1. Does T64 satisfy the condition of being within 14 Å of the ligand (Cβ to nearest atom), among the polar types (S, T, N, Q) and at pLDDT below 95?
2. Of the conditions (1) on the phi < 0 side of the Ramachandran plot; (2) within 12 Å of the chain's Cα centre (by Cα); (3) more than 7 Å from the ligand (Cβ to nearest atom), L28 satisfies every one except a single condition; which number is it?
3. Working only within the range 145-159, note down all residues that are of a type in the set (A, V, I, L, M, F, W, C) and within 11 Å of the ligand (Cβ to nearest atom).
4. Quickly run through the range 129-164 and pick out the residues that are surrounded by 15 or more Cβ atoms within 10 Å (Cβ to Cβ), among the acidic types (D, E) and assigned to a loop (DSSP other than H, G, I, E, B).
5. I'd like the full set of residues that are outside any helix (DSSP H, G or I) and either within 16 Å of the ligand (Cβ to nearest atom) or crowded, with 22+ Cβ neighbours inside 10 Å (or both), limited to the range 182-194.
6. So is E197 part of a helix (DSSP H, G or I) and either open to solvent by 30 Å² or more (accessible area, probe 1.4 Å) or under 23 Å from L102 (Cα atoms) (or both) or not?
7. Among the residues of the range 41-51, is there at least one that is in contact with a His (Cβ under 8 Å, 6 or more places away or on another chain), away from the ligand (no atom under 16 Å from the Cβ) and assigned to a strand (DSSP E or B)?
8. Is one or more of the residues making up the range 200-211 among the aliphatic types (A, V, I, L, M) and over 20 Å from V94 (Cβ atoms)?
Amino acid sequence: MPVSDSVSRPDTDAEGERLPINELFASLQGEGKLAGVPSTFVRTSGCNLRCWFCDSYHTSWDPTHAWMTLDEIVDEVEKLTPSHVVVTGGEPLVHDETATLLSELADDYHLTVETNGTLETEAPIDLASISPKLASSTPTPENAPADTDPGVWTDQHDAARIDLDALSSLVEHADDFQLKFVVTGRDDVPEIESLVEDIRGVTTRPVRDDDVLLMPEGQTRDALAKTRTHVADLAAEFGYRYTPRLHVDLWNDAPET
Ligand code: SF4
C-alpha cells in the first residue's frame, strides 16, 4: 500500500471551519493521569509522523475520516455525558481548526489534548498529554505495518519526531501536563532520561519524575502482555510513573474504545 500524505482538505470552506474526524465516541480514558475517567474522544485524522506501532493507523498511515463542521462536532459532544473531552488523533494540532474547537469547548469541559509534542498551540488545554516519539518508533521496511512501505517516512519521521521548542512550549502552556512515552524495552530508557533532562533545561516549569509516564507498547492484549510487566519494572527502577493501557486490557483493539 502506498503511504498516504497528510489529509487533503476539501475544496470549499462554504460550510465553515471543519475538521477531518476519524471517530467521536464516549468511553473511559485508558492512559495517563486520568486513566479510568469517563471521557468523550474526538479523534482527528492526519499526522505529521509515522510511528511503526501507531495505534490509530487510520489517522496516520491510511487516514479515513468524515469532514465535520465545528458546530457539528460540538453538537455531538453535547449529546454525550462525560464532562471530560479528549482531543486526540492522529496529531490534532496539525489542524488550525483544532484550536478553535478547543476554545469553543473550554468553558464547559475539561480538555485533554493528546499530542506527539512537535507542534505549539495557544489553545486552552487543561491537560497536555505529550507523547514524544523515541528513536524506537521510527518506521523501517522491516517493522512498518503490513503491506506498507515507509519510503521517505523513515527519514522524515526521524527528523521531525523531537522538537524541544514545541515540547517546552506545551509543558509551560497547559494547566497540567504529562510526558507519556511508549516504551518497547530497556533500550528506550537512556533516550527518555536524556530527553527529560533536555526538557528540564529549556522550561521554567518543574518537570517532576511523576510527570513522566512509561507506557508499554502493544495494541492488543496479547502484545501488551509481552511488554507491560517489563515496562512497569522499568518505571519502578527509574522512579517514573507507569501508565496502563486500560482500553486495551478491557476491550482489546476494538474501535471506539
Ligand atoms: S504520532 Fe501518534 S498518531 Fe502519529 S503516527 Fe505516531 S502514534 Fe500514530
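1. So T64 fits the description; yes.
2. Exception for L28: condition (2).
3. First, pick out the residues of the range 145-159 that are of a type in the set (A, V, I, L, M, F, W, C): 146, 152-153, 159.
Answer for the range 145-159, where residues must be of a type in the set (A, V, I, L, M, F, W, C) and within 11 Å of the ligand (Cβ to nearest atom): just W153.
4. Answer for the range 129-164, where residues must be surrounded by 15 or more Cβ atoms within 10 Å (Cβ to Cβ), among the acidic types (D, E) and assigned to a loop (DSSP other than H, G, I, E, B): just D163.
5. Answer for the range 182-194, where residues must be outside any helix (DSSP H, G or I) and either within 16 Å of the ligand (Cβ to nearest atom) or crowded, with 22+ Cβ neighbours inside 10 Å (or both): V182, V183, T184.
6. yes
7. Looking only at the range 41-51, we keep the residues that are in contact with a His (Cβ under 8 Å, 6 or more places away or on another chain), and these are 44-46, 49-51.
Then keep just the ones that are away from the ligand (no atom under 16 Å from the Cβ); that gives none.
So far as the range 41-51 goes, no, none of its residues is in contact with a His (Cβ under 8 Å, 6 or more places away or on another chain), away from the ligand (no atom under 16 Å from the Cβ) and assigned to a strand (DSSP E or B).
8. Yes, some residue in the range 200-211 is among the aliphatic types (A, V, I, L, M) and over 20 Å from V94 (Cβ atoms).
The values are calculated or read from the model by the stated rules, or taken from the named source; none is laboratory data. Here the structure is a predicted model, which is why all the values come from computation and not from measurement. Neighbour counts are summed over all protein chains in view; Cβ atoms, including those assigned to glycine, are modelled from backbone coordinates with ideal geometry. Keep in mind that these areas ignore ligands, DNA and RNA; they rest on the heavy atoms of the full protein, side chains included. Shrake-Rupley method; radii C 1.70, N 1.55, O 1.52, S 1.80 Å.
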